[in-house]
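Undergrad: Supplied in structure tokens, the structure appears directly below.
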Amino acid sequence: MEEKLAPIVQRLEQDYGTQASEQSGEVSLVIPSEKIVAACQQVRELGFEQLSTMTAVDYWPHEDPRFHVLYQFTSLSLHLSLRFRVMVPGVNPSLPTVTSVYRNADWRERELWDMFGIKFAGHPDLRRILMPADWEGHPLRKDYPLGYEEPQFTFNFDQISLRKPYAKE
Amino acid sequence: MGVEQKLGNMGVVTTTLEEVVNWSRNNAMWPMLFGLACCAIEMMSAQASHYDMSRFGMELMRASPRQSDLMIVAGRVTRKMAPVLRRLYDQMPDPKWVISMGDCASCGGVFNNYAVVQGVDEVVPVDVYVAGCPPRPEALIHGVITLYEKVRSEKIAHWK
């Protein structure tokens, strides 16, 4: 672990009762979901000015809190990076928003709502950002059907043409 | 049929209305400047000096649907883009034609999933399909020439 990062991680470990893990030089901390806003506030004050990315992983059906939401922070002044991992259950998934701490979390949280259906309580404008507004479902969930249409070849061309919705003039 | 070739030095040629109109439609077919994915790169290269579509009078890409006759759907059409594409088509004045360029636009290509329309003919009526992933500029030029042949043989009864 980086020399300058070790005291910061130690302090966060104490404050949130968690254990840091390190892989390939990337340090990650599991934060309880109700404390995420306070943890973000603290990490910002400790010099991580930038929320570089925010994403989620769906571990369905292998793990029980099926969603892990990841917050990746960068400190431009200290030249460090740090990751938070928050576990979110699959039934009615919800997290408090961190837009009050990092303004750019706005669109990231909209993307997570759009793709995974994770709600962010207190978000100023929680709409879909990538999919059309009237879309149903959340496509990056592992149980979302990928969708498949039978390809049209010479042998089944006429059969598929009958049911294919061709455009009118 | 009247006299269709120049005779002597009379300075007069007669022909049919059908042929004159089809000829003029053919020789001033302006495509719309509109690309959706990697096929658009091939479309640009077809326009540029190496392949030079303007040899055939098809170089004048218009940035507005109001001024264009030909829509080249260059790339995969997502379900979110489909209404936009249809609106652009509706904004084009008649007569208008559509070339579906590449596998994705023609049938979904490798993107057989929920997000991509499986063939742009579900959204707009297509005249010529160009195969390839992406098609080479020669293939696109061949597609446009094929469309020209279609337009040249259109009958007066089917004009729009």
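Undergrad: Based on what the data block shows, is A:T99 buried (at least 18 other Cβ atoms within 10 Å of the Cβ) and among the polar types (S, T, N, Q)?
TA: Values: buried (at least 18 other Cβ atoms within 10 Å of the Cβ): yes; among the polar types (S, T, N, Q): yes.
Yes: the conditions hold for A:T99.
For (1) of a type in the set (F, W, Y); (2) surrounded by fewer than 12 Cβ atoms within 10 Å (Cβ to Cβ); (3) under 20 Å from B:V151 (Cβ atoms), each residue gets a yes or a no:
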position: B:L33; (1), (2), (3): no, no, no
position: B:E42; (1), (2), (3): no, no, no
position: B:Y89; (1), (2), (3): yes, no, yes
position: B:M101; (1), (2), (3): no, no, yes
position: B:C104; (1), (2), (3): no, no, no
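Undergrad: Could you please find all residues in region A:118-137 being loosely packed, with under 11 Cβ neighbours inside 10 Å and farther than 20 Å from A:L95 by Cβ?
TA: Of everything in region A:118-137, those that are loosely packed, with under 11 Cβ neighbours inside 10 Å and farther than 20 Å from A:L95 by Cβ turn out to be A:A133, A:D134, A:E136.
Undergrad: Also, I was wondering about something else. Can you name the residue in region B:19-31 that is part of a helix (DSSP H, G or I) and in contact with a Lys or Arg (Cβ under 7 Å, 6 or more places away or on another chain) and, of all such residues, is surrounded by the most Cβ atoms within 10 Å (Cβ to Cβ)?
TA: First, pick out the residues of region B:19-31 that are part of a helix (DSSP H, G or I): B:19-27.
With in contact with a Lys or Arg (Cβ under 7 Å, 6 or more places away or on another chain) added as a condition, the list becomes B:22, B:26.
On the way: B:N22: 20, B:N26: 18.
For region B:19-31, the residue satisfying everything is B:N22.
Undergrad: What strands (runs of 3 or more DSSP E) lie completely within region A:1-76 and have 2 or more residues being surrounded by 13 or more Cβ atoms within 10 Å (Cβ to Cβ)?
TA: On the way: elements: A:21-23, A:26-30, A:50-58, A:67-75.
So the answer is A:26-30, A:50-58, A:67-75.
Undergrad: Restricting attention to helices (runs of 4 or more DSSP H) lying wholly within region B:74-160, give those where 3 or more residues are over 23 Å from A:S161 (Cα atoms).
TA: Working: elements: B:82-91, B:102-107, B:137-152.
Answer list for region B:74-160: B:82-91, B:137-152.
Undergrad: What number goes with the only condition from (1) under 30 Å from B:E122 (Cβ atoms); (2) at pLDDT 90 or above; (3) outside any helix (DSSP H, G or I) that A:R103 does not pass?
TA: (1)
Undergrad: Another question, if that's okay. Suppose we filter region A:28-82 for residues that are among the acidic types (D, E) and in contact with a Pro (Cβ under 8 Å, 6 or more places away or on another chain); how many remain? If you could, list the steps in order and put the result at the bottom.
TA: Of all residues in region A:28-82, those among the acidic types (D, E) come to A:34, A:45, A:49, A:58, A:63-64.
Those still in the list that are in contact with a Pro (Cβ under 8 Å, 6 or more places away or on another chain) too: A:34, A:64.
Count: 2.
Undergrad: Here's a follow-up. Among the residues of region A:149-165, count how many are part of a loop (DSSP other than H, G, I, E, B), surrounded by 11 or more Cβ atoms within 10 Å (Cβ to Cβ) and within 11 Å of chain B (Cβ to nearest Cβ). Give the steps one after another, and end with the answer.
TA: Of region A:149-165, the ones part of a loop (DSSP other than H, G, I, E, B) are A:149-156, A:164-165.
When the remaining residues are screened for being surrounded by 11 or more Cβ atoms within 10 Å (Cβ to Cβ), the result is A:149-152, A:156, A:164.
Right, trim to within 11 Å of chain B (Cβ to nearest Cβ) and you get A:149-152, A:164.
Total satisfying the criteria: 5.
Undergrad: Suppose we keep only residues that are away from chain A (no Cβ under 14 Å) and acidic (D, E) within region B:110-160. Which one would you say is farthest from B:N22 (Cα to Cα)?
TA: Among residues in region B:110-160 that are away from chain A (no Cβ under 14 Å) and acidic (D, E), the one farthest from B:N22 (Cα to Cα) is B:E138.
Undergrad: Sticking with this one: Given the conditions (1) surrounded by fewer than 18 Cβ atoms within 10 Å (Cβ to Cβ); (2) modelled with pLDDT of 90 or more; (3) not in a loop (DSSP other than H, G, I, E, B), and given that B:H50 satisfies all but one, which numbered condition is not satisfied?
TA: It is condition (3) that B:H50 fails.
Undergrad: Name every residue in region B:61-85 that is over 25 Å from A:L146 (Cβ atoms) and over 12 Å from the mean Cα position of the chain (by Cα), in order of residue number. Spell out how you get there, then give the answer.
TA: Pass one, region B:61-85, residues over 25 Å from A:L146 (Cβ atoms): B:61-72, B:74.
Across region B:61-85, the qualifying residues are B:R62, B:A63, B:S64, B:P65, B:R66, B:Q67.
The values are calculated or read from the model by the stated rules, or taken from the named source; none is laboratory data. Model, not experiment: these values are computed from the prediction. FYI the Cβ positions are ideal-geometry reconstructions off the backbone, even for glycines, and counts take in every protein chain you see.
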